[in-house]
Every structure is written in structure tokens, then in C-alpha cells.
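See below for the structure under consideration.
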Amino acid sequence: MDQLFSIENPLMRAYTFYNSILCLKMLAMSVLTASQRMKNKAFANPEDAIMQKTKPKVDENVERVRRAHLNDLENICVYFVASFGYLLTNPSVAVATMLFRVFTICRIAHTLVYAVVVIPQPARAIAWGVPYFITIYMAIKTAMHFAL
Ligand SMILES: N[C@@H](CCC(=O)N[C@@H](CS)C(=O)NCC(=O)O)C(=O)O
């Protein structure tokens, strides 16, 4: 166990690195939402709108970013739990690193195609589906490893 959590362990390094990228990616969604609110003068609260001499309104560009953010919460939070369990199963470093990397790249791609450049389907479905199945794989591997 000491070796698993050692910073010399390449598995731990990959896990920590990619999960940190995912944390930053999710935090960036708040900034993206705020920038869309400012750009479109679309504020949810009267006290925010009054500062820009406008009224509260709903804007599709803001809502898109909010949906992308919600989708991150639905998927990345579960992945944080599943990937931690998977880490404890002592997986192959090459396979685990590849899964961490693909998950992270796909979730960034999901936001890009959903809320930044808006690419037609099935781009978003693929960017969502690949990480979704990676999370299922990790949860099943963990459940089997620790089966009572
Ligand atoms: N909560 C999701 C569940 C299904 C899902 O996550 N679908 C992916 C691929 S189509 C997605 O990007 N959904 C858009 C969203 O969550 O706003 C939904 O309402 O769509």
C-alpha cells in the first residue's frame, strides 16, 4: 500500500496528473459560464442583471455551457470514485494510464463539441460514450477484485 501511494509509482503519478486535469477542466466550466453570461448579458439573478442595467433572462449559449457542466458532474464525479477503486486493484500501468488519458481527452472533447464549437452528433455521443464505458469497466474490475 505504501508503494501504491508513493510519488515514484508511475500508476499513482498518472492517476494524480489526469485527475488534476479533470478538476481544472471542471472548474473552468464556471469561468466559461460566467463569460457566456457577460457576452450575452444573460443573468439568472436580478442583483447580477441590475449591475449590467438589464433584466434576468435565459440564453441558449449559457444553457449549453450549464448542460455541459451538469454532464461533467454526472460523469466525472462518478469516475473519480471508480478510478480510485480501480487504482487499488493494482492494474497494469500501461492500460491504466491509457484509460486515464482517453477518459480525460474525451471529457475535454465533450465540452468542446457541446459548448464551444458545437459539432453535430454523433460527436458528443462518442465523446460521452467512451468515458462512460471506461467508468463502467473500472467499476466492474474493482467490484470483481474486491468481491466478497
Ligand atoms: N443527463 C444526460 C444523460 C445522457 C447523456 O449524458 N447523454 C450524453 C450524450 S448524447 C450528453 O451529452 N447529453 C447531453 C446533456 O447531458 O445535456 C441527458 O439528459 O442527456
**Message:** Restricting to segment 99-116, give me the number of residues that are more than 10 Å from the chain's Cα centre (by Cα) and farther than 17 Å from L70 by Cα.
**Reply:** 4
**Request:** Taking the options E74, E47, name whichever one is within 12 Å of the ligand (Cβ to nearest atom), surrounded by fewer than 13 Cβ atoms within 10 Å (Cβ to Cβ), among the acidic types (D, E) and assigned to a helix (DSSP H, G or I).
**Result:** E74
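Within the bounds of segment 86-97, is there any residue that is assigned to a loop (DSSP other than H, G, I, E, B), small (G, A, S) and under 30 Å from E8 (Cα atoms)? Please lay out each step first, then the result.
The initial filter retains those residues of segment 86-97 that are assigned to a loop (DSSP other than H, G, I, E, B), namely 88-92.
Of the ones still in play, those that are also small (G, A, S) are 92.
Still in the list and also under 30 Å from E8 (Cα atoms): 92.
Within segment 86-97 (the criterion being assigned to a loop (DSSP other than H, G, I, E, B), small (G, A, S) and under 30 Å from E8 (Cα atoms)), the answer is yes, since at least one residue qualifies.
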**Asked** What number goes with the only condition from (1) loosely packed, with under 14 Cβ neighbours inside 10 Å; (2) over 13 Å from the mean Cα position of the chain (by Cα); (3) under 21 Å from L73 (Cβ atoms) that I119 does not pass?
**Response** (3)
**Prompt:** Of all the residues that make up segment 77-90, how many are surrounded by fewer than 17 Cβ atoms within 10 Å (Cβ to Cβ) and within 16 Å of the ligand (Cβ to nearest atom)?
**Reply:** 2
**Message:** Can you find, within segment 122-140, the residue that is surrounded by the most Cβ atoms within 10 Å (Cβ to Cβ) among those that are among the aromatic types (F, W, Y) and more than 8 Å from the ligand (Cβ to nearest atom)?
**Reply:** Y137
**segment 95-138, residues that are touching a residue at least 60 places away in the same chain (Cβ under 8 Å) and either in contact with a Ser or Thr (Cβ under 9 Å, 6 or more places away or on another chain) or of a type in the set (G, A, S) (or both)** = A96, F100, F103, A115, T135
**Request:** Please verify whether segment 51-68 includes one or more residues that are assigned to a helix (DSSP H, G or I), surrounded by fewer than 16 Cβ atoms within 10 Å (Cβ to Cβ) and at pLDDT below 95.
**Result:** yes
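The values are calculated or read from the model by the stated rules, or taken from the named source; none is laboratory data. Keep in mind the model is a prediction, meaning the values are calculated, not measured. In this analysis, Cβ positions are derived from the backbone assuming ideal geometry, glycine residues included, and neighbour counts consider all displayed protein chains.
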